[in-house]
1. Given the conditions (1) of a type in the set (F, W, Y); (2) under 18 Å from G44 (Cα atoms); (3) at pLDDT 95 or above, and given that W106 satisfies all but one, which numbered condition is not satisfied?
2. Could you list, in sequence order, all residues of the range 51-66 that are part of a strand (DSSP E or B) and either of a type outside the set (F, W, Y) or modelled with pLDDT under 95 (or both)?
3. If the Cβ limit is 8 Å and pairs must be 6+ apart or interchain, which residue in the range 78-91 that is surrounded by 14 or more Cβ atoms within 10 Å (Cβ to Cβ) pairs with which residue that is aromatic (F, W, Y)?
4. Which count do you get for residues in the range 113-134 that are farther than 25 Å from G100 by Cα and of a type in the set (F, W, Y)?
Amino acid sequence: MNDSSMPGVMEDAGWEWQEAYLCERFFSEQTGQDMNIDDIYSKGSHLKASDLSRDVSVTISSYEVVDFPDGSKVVLKFQGKDKDLVLNRINGQMISEMYGKNIDNWIGKPITVGPDRTPYNGQMVACIRVRYHPPGQMAPQSAPASTETPAPAESAPNDDIPF
């Protein structure tokens, strides 16, 4: 039996070889270039705890439900921001405490997100937390305590941290 009598065998083998060649070529081109791990992982569209150095107020512009390997999750998009936030159960519950369980009602609402730490597999790891603020109040801006008169607040709760 020759290879032509088995449709798809040569094509599949060709693709495996081509994929292996391209991977090897890509990785060989990357070595010795002073690669920074942050340059590789910071290119994603999802917000990570390392993207935040302090609490930031944002306004929810839209959402979508995305299937991940560990289940479906709500992904929030923010006005004027490039990165979105994949909600874990705790952050989703926090927002629903403020604005109700109907996710459509969250659109246009302000939230504050900030870096935090949480236990995971016996270790403390970085995470993002949605901060609670009473419904009807603007999400608070974090600022150091001062005796000076504060500057007037901006009309939009978006902050200047680039994400």
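The values are calculated or read from the model by the stated rules, or taken from the named source; none is laboratory data. Bear in mind that the values here come from a model prediction, so they are computed numbers and not experimental data. Positions of Cβ are backbone-derived with ideal geometry, glycine not excepted, and every protein chain shown enters the neighbour counts.
1. Here W106 meets the rest and fails (2).
2. Quick first cut of the range 51-66, residues part of a strand (DSSP E or B) only: 56-66.
Within the range 51-66, V56, S57, V58, T59, I60, S61, S62, E64, V65, V66 qualify.
3. So the pair list comes out as K81/F163; K83/F163; D84/F78; L85/F78; V86/F68.
4. Matching residues across the range 113-134 total 1.
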